[in-house]
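*Asks:* Sharing a structure here in structure tokens format.
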Amino acid sequence: MKILTWIFSDYVDISERKTECKQTMAYLFPFFAFSGCPAGWVRHGKSCYYIDDTPTQTWSAARAACKGLGADLPIITSAEENKFIGDLVFKQTTLTWGGAWIGIQRKQADDKLYWIDGTPVAGGYTTWSRGNPSNSGGNEDCGHIMGKADPGWKYQEKMWNDVPCALTASGFQNRYPVILCEKSLI
């Protein structure tokens, strides 16, 4: 009991012993998360990420699900973040070719791809799979990070692809992306 009194009294004095106390708390109570992220979320950098392991037919439904959690679809700004997200997607029970939806959408006004915060995709970090973005059929207006590929296409795993924002069962059945949300810690 004395050790708990010491831990909690020091934890109140955050300015002096924040790091030491966090390490002690994590050692004594490993079931508590001290990442700053809600339970079930994973921290990376200055963001928390959450995957709903449910294949989702539309980009807008995935985005609405994230918004309902106080988050949004991810904006990927570096190779390191893309690797983290790709690895997170590959740890899921449901892993399809569709991987997970990301926060890319084409604006009809200029036919260019933008991140959901309005930043143009072109000119920033990208990792498109070969031949993409292709806008095949003129309706591939949303983005996803690719999941499990068919043999011979493994090089495309964890890369981006543009697809229709509402996938049809005829072309994508059992291949829908899952929901991936990002929430800033700042």
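*Asks:* Quick one: net charge around Asn132, please, counting Lys, Arg +1 and Asp, Glu -1 for every other residue with C-beta under 11 Å from its C-beta.
*Replies:* -1
*Asks:* Also, quick follow-up: Convert 4 °C to kelvin, take the viscosity as 1.567 mPa s, use the Kirkwood radius over C-alpha pairs of region 106-186 as Rh, and evaluate the Stokes-Einstein diffusion coefficient in µm²/s, rounded to a whole number.
*Replies:* 92 µm²/s
*Asks:* Which of the pairs Lys107/Lys183; Lys91/Lys154; Lys91/Lys148; Lys83/Lys154; Lys148/Lys183; Lys107/Lys158 have their Cα atoms more than 20 Å apart in this structure?
*Replies:* Pairs exceeding the cut-off: Lys107/Lys183; Lys148/Lys183; Lys107/Lys158.
*Asks:* Which order do the peptides 63-74, 82-93 come out in when sorted by mean C-beta neighbours inside 10 angstrom, highest first?
*Replies:* Highest to lowest by the protection proxy: 63-74, 82-93.
*Asks:* Please compute the length gained on full extension between Ser184 and Thr168, using 0.36 nm multiplied by the number of residues separating them and subtracting their Cα-Cα distance.
*Replies:* Going from the current span to full extension adds 2.6 nm.
*Asks:* What is the sum of charges, Lys and Arg at +1 and Asp and Glu at -1, for the other residues whose Cβ falls under 14 Å from the Cβ of Lys158? Let's see the in-between values first.
*Replies:* Working: positive: Lys83, Lys91, Arg130, Lys148, Lys154; negative: Glu80, Glu81, Asp87, Glu157.
Neighbour charge sum, excluding Lys158 itself: +1.
*Asks:* Nearest 0.05, what FRET efficiency do Asp117 and Ala61 give at R0 = 25 Å with Cβ-Cβ as r?
*Replies:* 0.80
FYI, it's all coordinate maths here, none of it is from the lab. Please read all numbers here as calculations on a predicted model, not as lab measurements. Cβ sites come from the backbone with ideal geometry, for glycine too, and all protein chains shown count toward neighbours.
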